[in-house]
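Notes follow once the structure below has been shown.
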Amino acid sequence: MSAEPVLTISGLNVDYGTDKDAVHALRDIDLTLHRGEVLGLAGESGSGKSTLAYAVTRLLSPPGVITGGEVHYHRPGGDRVDILSLAPHRLRAFRWQELSIVFQGAMNSLNPVHTVHSQLTDVLAAHRPELRKRQRTDRAKELLSLVGISADRLAAYPHQLSGGMRQRVMIAMALALEPEIVIMDEPTTALDVVMQRQILRRLVQLREQLNFSVVFITHDISLLIEFSDRIAIMYGGRIVEEAGAAEIYRDPRHPYSDGLLHSFPALHGPRRELTGIPGSPPHLSAMPTGCAFHPRCGKAFVPCAAEIPVLTPPPAEPGRAVACHLHAPGRGAPRPGQQGVPGQVAPGPAR
Ligand code: SF4
């Protein structure tokens with residue numbers, strides 16, 4: 001992994017709707033993906049992870065609308081591409097070629113009435129018209145072998161493959177044009193644990209071989225700890241903590257990150273008590289005031305219901321950032337009696 005950025009997101013805001021009933025799905029997202037890195041995005045359903053993937057790839061459909069911010073792709077030579085301003089024909093070439101996405105549920109993404117061969121070669125025909133038919137078939141075979149599927153499955157229809165094979169075909173398709181960035185939105189959620197790990201191990205090997213960067217989205221933080229270099233945790237449409245995977249595992253700073261880690265059994269290392277997180281994620285149309293996590297947070301104290309904490313690096317900890325008043329420089333820990341229990345700090349009106 002290098003320190004060179006390949007994708008930078010600054011101040012990204014996304015709403016659903018444009019009138020007075022519009023809800024804020026993403027707020028002030030700042031994120032950098034480095035070349036060759038696996039960046040994990042974790043959070044419960046509704047935290048904004050998939051909205052972020054759709055916004056970055058300009059695949060948001062109405063009523064989703066990007067209301068602010070910038071997204072830049074950095075080509076290997078240093079050239080910078082403003083993704084949000086790309087004209088439709090340039091955007092079409094940009095997707096697949098420089099950035100591709102693997103959606104959750106391969107059965108919904110693959111066309112059930114076309115063979116694997118037809119779907120893989122279709123991508124090549126659209127983006128590499130100079131390739132002859134024979135070359136496209138050879139490349140399709142090569143792509144299948146990259147993801148560990150034998151070439152004789154080229155003639156199969158999606159329903160003739162197992163769930164794991166279908167998802168690997170999707171990964172092969174995403175790698176067809178050797179993009180610099182692959183966004184994976186819950187790529188293995190529908191698969192059993194053994195298949196999940198097989199696919200993700202293969203993905204990490206491919207990343208080392210081909211040097212692409214990955215944004216890996218899932219609600220399963222234990223997978224991210226195992227397969228990511230860095231992790232950003234999302235809650236209520238904001239990033240609440242960002243750090244190296246090992247740092248988050250060893251010492252999560254945000255109470256929500258800590259809750260997520262204690263919601264999944266660890267596959268390695270000492271056993272942890274599973275405590276879960278009380279309550280449910282907030283609805284976008286009734287977001288609590290201040291820190292959106294405060295109605296569920298056992299550490300909430302006086303400022304939490306009133307002030308939105310800003311994502312800032314804790315003192316002397318470069319490479320890590322937390323949005324929590326407990327860690328705000330200069331604020332200090334709450335005094336006895338200032339701290340509440342989940343549910344005691346009443347949610348404020350929707351904002
Ligand atoms: Fe909990 Fe307050 Fe930190 Fe939010 S800002 S996570 S409510 S302590």
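One residue is enough: does segment 302-315 have a residue meeting the conditions in contact with a Lys or Arg (Cβ under 7 Å, 6 or more places away or on another chain) and under 25 Å from K20 (Cβ atoms)?
No, there is no match, as no residue in segment 302-315 is in contact with a Lys or Arg (Cβ under 7 Å, 6 or more places away or on another chain) and under 25 Å from K20 (Cβ atoms).
Looking at the structure I just gave you, is E247 over 30 Å from L177 (Cα atoms), part of a helix (DSSP H, G or I), more than 15 Å from the ligand (Cβ to nearest atom) and not hydroxyl-bearing (S, T, Y)?
Yes: the conditions hold for E247.
Which residues, counting only those in segment 190-238, are β-branched (V, I, T) and not in a helix (DSSP H, G or I)?
If the condition is that a residue be β-branched (V, I, T) and not in a helix (DSSP H, G or I), then V214, V215, I217, T218, I231, I233 are the ones that fit.
Which one of these is touching a Lys or Arg at 6+ places or on another chain (Cβ under 8 Å) and either surrounded by fewer than 20 Cβ atoms within 10 Å (Cβ to Cβ) or of a type outside the set (S, T, Y) (or both): L41, L59?
Of L41, L59, the one residue that is touching a Lys or Arg at 6+ places or on another chain (Cβ under 8 Å) and either surrounded by fewer than 20 Cβ atoms within 10 Å (Cβ to Cβ) or of a type outside the set (S, T, Y) (or both) is L41.
Which of the residues belonging to segment 250-259 are within 15 Å of the ligand (Cβ to nearest atom) and not small (G, A, S)?
Residues satisfying the conditions are P252, R253, H254, P255, Y256, D258.
Of the numbered conditions (1) in a strand (DSSP E or B); (2) in contact with a Phe, Trp or Tyr (Cβ under 6 Å, 6 or more places away or on another chain), S47 satisfies every one except a single condition; which is it?
(1)
Of these, A125, A176, which one is of a type in the set (G, A, S) and not in a helix (DSSP H, G or I)?
A176
Specify the residue that is surrounded by the fewest Cβ atoms within 10 Å (Cβ to Cβ); the eligible residues are those in segment 179-189 that are of a type outside the set (D, E, K, R) and in a loop (DSSP other than H, G, I, E, B).
Taking the candidates together, the pick is T189.
Which residues, taken from segment 64-87, are part of a loop (DSSP other than H, G, I, E, B) and touching a residue at least 24 places away in the same chain (Cβ under 8 Å)?
Result: R75, P76, L86.
Here, each number is a calculation from the coordinates, and none is a lab measurement. Values in this document were obtained by computation on a predicted structure and should not be read as measured data. Quick reminder, even Gly has a Cβ in these numbers, built from the backbone with ideal geometry, and neighbours come from all protein chains shown.
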